[in-house]
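So the structure is just underneath, and the comments pick up after that.
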Ligand SMILES: Cc1ncc(COP(=O)(O)O)c(C=O)c1O
């Protein structure tokens with residue numbers, strides 16, 4: 001294929017790529033983690049180009065087949081969500097136009113869209129603005145950078161359960177790291193904070209990485225700066241569980257991963273500030289070739305606001321942060337967060353089976369899930385962004401009895417996860433939910 005043809009829009013090629021994608025996504029299958037098999041991709045860089053479509057065929061394996069089915073409602077995806085199909089379309093537009101937010105001339109519309117979309121979401125966290133980044137590792141670093149330069153802070157204080165990105169940020173910024181013990185619920189022990197935190201950035205976590213614990217978010221009012229790492233649980237602010245994050249609105253800055261519970265394709269996150277203008281000033285660099293200051297860590301930066309804006313505008317304020325409505329494993333963790341009020345702890349008690357808040361709400365005539373079963377549809381028939389309508393599936397017989405204990409496969413996985421040092425007390429009740437799934441639809445794990 002001549003080189004130039006790769007740049008001319010080819011509707012047939014795009015349709016074929018879409019067909020391959022839909023074919024894979026529509027397969028009912030079971031949620032599984034595929035073993036890594038040898039790829040059907042030339043080991044040596046082909047001396048002569050294969051042509052676009054043939055190359056795409058080769059890449060189908062790693063892209064569409066050897067994948068973890070995070071979109072499957074039975075997949076305990078923890079933090080990696082399925083993405084609404086509309087975000088694929090928006091991400092494709094962004095890829096095709098390839099705007100660069102570094103320069104106003106290279107992204108006239110996208111540079112206006114980003115602050116607008118951030119402005120829609122920020123008030124839910126008590127913040128007034130900020131910007132988009134590829135992930136919360138960078139969002140945390142950006143917030144701590146602004147904190148250091150605005151306050152002169154010399155230390156970062158966080159709990160021992162804080163995400164490793166906090167330690168990374170402290171290292172990069174040359175700040176001392178002070179780790180505070182946690183209580184039985186994995187929350188920062190407020191009573192063990194240093195007496196004087198006036199020279200410190202105190203980082204509180206909303207949804208610790210291993211257990212989903214929420215620190216007391218109003219703690220450390222005397223700190224030079226208070227940052228909330230809400231990478232995971234932040235979108236609860238946009239859900240019926242908003243109160244679990246009470247106190248977040250007293251922070252100076254907040255980090256939220258949009259590619260977790262805001263259902264965005266990677267890479268997407270927000271760094272938010274109570275005083276965005278002051279933060280922007282210390283985060284800005286000028287360059288002789290720039291018509292506007294370059295704010296923050298990124299140089300060239302793509303149009304992340306397009307898929308996020310589509311999602312937020314498409315669903316409205318009650319929509320985007322609905323981890324309690326999605327059909328993936330995180331919903332169970334949200335369930336546990338949701339069942340306990342803030343202050344009462346967010347960690348699953350051993351043996352606590354919890355309920356799957358990912359399940360659609362019950363209606364007067366049985367649950368939406370059972371209605372969906374009767375219709376032979378996906379369990380979220382009310383959601384138009386889901387593509388997996390499975391009309392061909394036979395209706396399921398009446399509810400099977402739920403075994404009381406996790407079964408053998410589940411216990412094996414518990415051991416596997418324990419090897420990965422995830423606390424069994426938290427994982428076990430999550431996995432116990434697998435018993436709700438018919439055997440053939442349970443997740444299988446190949447290691
Ligand atoms: C609490 C917390 N903070 C920060 C991060 C880092 O976020 P990202 O993976 O978006 O860089 C994570 C990711 O799991 C997290 O759980």
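Between residue 128 and residue 285, what is the FRET efficiency for a Förster distance of 22 Å, r being their Cβ-Cβ separation, to the nearest 0.05? Working shown, then result.
Working: r = 22 Å, r/R0 = 1.00.
My answer for the efficiency is 0.50.
Give me the number: length gained by fully extending residue 277 to residue 106, i.e. 0.36 nm times residue separation minus the C-alpha to C-alpha distance, one decimal in nm.
Working: separation 171, 0.36 × 171 = 61.56 nm, distance 2.31 nm.
Extra length from residue 277 to residue 106 when fully extended: 59.2 nm.
How many nm is it between the label spots at residue 298 and residue 64, if each spot is 7 Å from the Cα in line with the beta carbon?
2.8 nm
Give me 266, 260, 60 sorted ascending by neighbouring Cβ count inside 10 Å, so fewest comes first.
Numbers: 266 14, 260 27, 60 17.
So the ranking, lowest neighbour count to highest, is 266, 60, 260.
Antiparallel DSSP bridges in the stretch 200-293: what percent, to the nearest 5? If you can, show how the numbers build up before the last one.
Working: 6 of 14 bridges.
If I count the DSSP bridges inside the stretch 200-293, around 45 percent turn out antiparallel.
Which whole-angstrom value gives the distance between the alpha carbon centres of the stretch 134-196 and the stretch 267-285?
Going from one Cα centre to the other spans 18 Å.
Let me have the relative contact order for the stretch 195-312, percent, based on Cα pairs under 8 Å that are six or more residues apart. List each step's numbers first, then the result.
Details: 181 pairs, mean separation 20.4, N = 118.
Relative contact order, the stretch 195-312: 17 percent.
Using the beta-carbon distance between residue 4 and residue 318 and R0 = 45 Å, what value does 1/(1 + (r/R0)^6) give for FRET efficiency, to the nearest 0.05? Intermediate results must be reported in sequence, preceding the final value.
On the way: r = 47 Å, r/R0 = 1.06.
That pair, residue 4 with residue 318, gives E of 0.40.
Give the distance, in whole Å, between the Cα centre of the stretch 198-235 and the Cα centre of the stretch 1-22.
Here the answer is 46 Å between Cα centres.
Take the Cβ-Cβ distance between residue 176 and residue 16 as r, set R0 to 35 Å, and report the resulting FRET efficiency rounded to the nearest 0.05.
On the way: r = 56 Å, r/R0 = 1.59.
In this case the efficiency is close to 0.05.
Using the number of other C-beta atoms within 10 angstrom as an exposure proxy, rank 217, 164, 50 with the fewest first.
Values: 217 24, 164 9, 50 13.
Fewest-to-most Cβ neighbours within 10 Å comes out as 164, 50, 217.
Multiply the residue separation of residue 92 and residue 221 by 0.36 nm, subtract the distance between their alpha-carbon atoms, and state the gained length in nm to one decimal. Display every interim value, and only then the final one.
Details: separation 129, 0.36 × 129 = 46.44 nm, distance 4.39 nm.
Computed gain between residue 92 and residue 221 is 42.0 nm.
For residue 39 and residue 23 in the same chain, what is the full-extension length gain: residue separation times 0.36 nm, less their Cα-Cα distance, in nm? Don't skip to the end; give the middle numbers.
Working: separation 16, 0.36 × 16 = 5.76 nm, distance 1.98 nm.
Full-extension gain reported as 3.8 nm.
Read the figures in this text as sums done on the coordinates, not as results from a lab. Since the model is a prediction, treat every value here as computed from it, not as a measurement. Because the Cβ atoms are built from the backbone with ideal geometry, glycine has one as well, and the counts that use them run over all protein chains shown.
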